Amino acid sequence: MPEGRIVKSLSGYYYVKSGGQLWQCRARGLFKKKQYSPLVGDWVHFDETENGEGYIQSIEPRKTELVRPPVANADQAVIVHSVREPDLQPLLIDKFLVHAERAGMKPFIVFTKIDLGAPKGELEELIAVYEGIGYPVVLTSVVKNCGLEQLGQMLDGHISVLAGQSGTGKSSLLNALIPEVRLKTGDISRKLGRGRHTTRHVEMLELSTGGWVVDTPGFSRLSFDGWEAEELGTYFPEMAPLADQCKFRGCLHFREPQCAVKGAVDTQTVHALRYEHYLQFLTEIQEQRRYE
Ligand SMILES: Nc1nc2c(ncn2[C@@H]2O[C@H](COP(=O)(O)OP(=O)(O)OP(=O)(O)O)[C@@H](O)[C@H]2O)c(=O)[nH]1
Ligand SMILES: [Mg+2]
Ligand SMILES: [Zn+2]
């Protein structure tokens with residue numbers, strides 16, 4: 001049975017790359033019943049059908065899995081965030097970061113559209129915060145051709161998924177890195193300062209250097225469905241090692257006395273903004289639990 005990797009999913013079809021050829025495949029009804037559907041990035045076995053299409057029979061176990069964007073087997077999450085149009089939203093960056101951490105992917109941050117100029121001081125502070133934690137940061141502009149070589153090097157040899165809200169320039173980055181793909185890009189609604197959801201499907205593209213990058217539709221809603229309050233702190237790399245020094249086991253770093261994380265916020269070893277976002281996510285998780 002031929003084997004290959006799903007590189008695109010569109011209108012009920014999965015496009016499987018196998019032996020240098022692209023196969024248009026359907027999936028078995030069984031997957032639907034089990035609520036386990038194939039994802040872009042999956043390695044699959046398929047049967048050839050009489051009409052020259054394929055029929056997916058089985059999916060290999062996944063190394064990683066993301067629900068939003070729906071991608072399997074990516075090892076890097078690239079958080080693509082514009083410095084303007086749409087404006088900087090640190091809360092959203094942190095939300096993407098914790099989701100990537102939970103999925104076991106290595107995240108890094110790309111700030112796009114630096115030719116538009118970021119609000120003074122704000123970008124510098126964010127760069128310092130994230131680099132201080134150990135997250136690499138890349139500054140890019142496709143207009144000024146900046147940072148693209150550095151980004152290309154960071155993607156080299158990895159399977160990377162781009163994530164970010166609509167209009168931050170994900171498809172534009174890929175067009176600049178892989179000129180032959182010519183992905184559709186969209187303008188920004190002046191009135192709303194948001195993108196127009198130009199990319200509609202998930203697609204995996206091969207880099208000439210050997211890595212793969214997954215372009216995805218932009219989104220800004222990420223749910224904490226199924227998360228436990230206790231696990232949240234483990235996805236903040238600067239807070240996680242402190243938990244051992246908190247007085248109480250299973251400290252949520254919220255109202256508990258003698259909490260090492262709160263102590264670190266007071267001494268500014270943990271950035272106040274990150275802690276504020278931690279508390280917002282914690283509240284979101286706790287409220288969700290209450291309604292379950
Ligand atoms: N000034 C400037 N504009 C950019 C840059 N990169 C992208 N843009 C513009 O931003 C708009 C949105 O770009 P897209 O690449 O479509 O954004 P996207 O993230 O793929 O959006 P969705 O597919 O909707 O998720 C387009 O008008 C681009 O021309 C940049 O570096 N500088
Ligand atoms: Mg796009
Ligand atoms: Zn604590």
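Condition first: at positive phi and either within 12 Å of ligand 1 (Cβ to nearest atom) or of a type in the set (A, V, I, L, M) (or both). Can you find one or more residues in the stretch 131-142 that meet it?
The first filter runs over the stretch 131-142 and keeps only residues at positive phi, leaving 134.
Still in the running and either within 12 Å of ligand 1 (Cβ to nearest atom) or of a type in the set (A, V, I, L, M) (or both): none.
Within the stretch 131-142, not a single residue is at positive phi and either within 12 Å of ligand 1 (Cβ to nearest atom) or of a type in the set (A, V, I, L, M) (or both).
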Next item on the list: Only residues that are assigned to a loop (DSSP other than H, G, I, E, B) and surrounded by fewer than 16 Cβ atoms within 10 Å (Cβ to Cβ): list them for the stretch 50-74, please.
Entry: GLU50, ASN51, GLY52, GLU53, GLU60, PRO61, ARG62, LYS63, VAL67, ARG68
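Suppose the filter is small (Gly, Ala, Ser) and touching a Phe, Trp or Tyr at 6+ places or on another chain (Cβ under 6 Å); does ALA128 pass it?
Values: small (Gly, Ala, Ser): yes; touching a Phe, Trp or Tyr at 6+ places or on another chain (Cβ under 6 Å): no.
Against the criterion (small (Gly, Ala, Ser) and touching a Phe, Trp or Tyr at 6+ places or on another chain (Cβ under 6 Å)), ALA128 does not qualify.
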Margin query: Just to be sure before I move on: is PRO119 surrounded by fewer than 19 Cβ atoms within 10 Å (Cβ to Cβ), at pLDDT below 95 and at negative phi in the structure I sent?
Written below: yes
Checklist line | Long-range neighbours under 7 Å by Cβ, at least six apart or interchain, first residue in a helix (DSSP H, G or I) within the stretch 237-258, second of a type in the set (Val, Ile, Thr) and near ligand 3 (Cβ under 8 Å from one of its atoms) | finding: LEU242/VAL261
Check: LEU66 is checked against (1) out of contact with any Pro (no Cβ under 9 Å at 6 or more places or on another chain); (2) without any contact (Cβ under 8 Å) to a residue 60 or more places away in the chain and fails just one. What number does that condition carry?
Finding: (2)
Note to self: Among (1) crowded, with 18+ Cβ neighbours inside 10 Å; (2) touching a Lys or Arg at 6+ places or on another chain (Cβ under 8 Å), there is one condition LEU252 misses while meeting the rest; what is its number?
What the structure shows: (2)
Item checked: Unmet requirement for LEU88, which otherwise passes all of (1) under 17 Å from SER11 (Cβ atoms); (2) in a loop (DSSP other than H, G, I, E, B) -> (1)
Notebook entry, point to check: Is there a residue in the stretch 191-203 that is free of Cβ contacts under 8 Å to residues at least 60 places away in the same chain, loosely packed, with under 12 Cβ neighbours inside 10 Å and over 30 Å from ASP156 (Cα atoms)?
Noted result: yes
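The values are calculated or read from the model by the stated rules, or taken from the named source; none is laboratory data. Please read these numbers as outputs of a predicted model, since none were measured by experiment. Please note: Cβ atoms are built from the backbone with ideal geometry, for glycine as well, and neighbour counts cover all protein chains shown.
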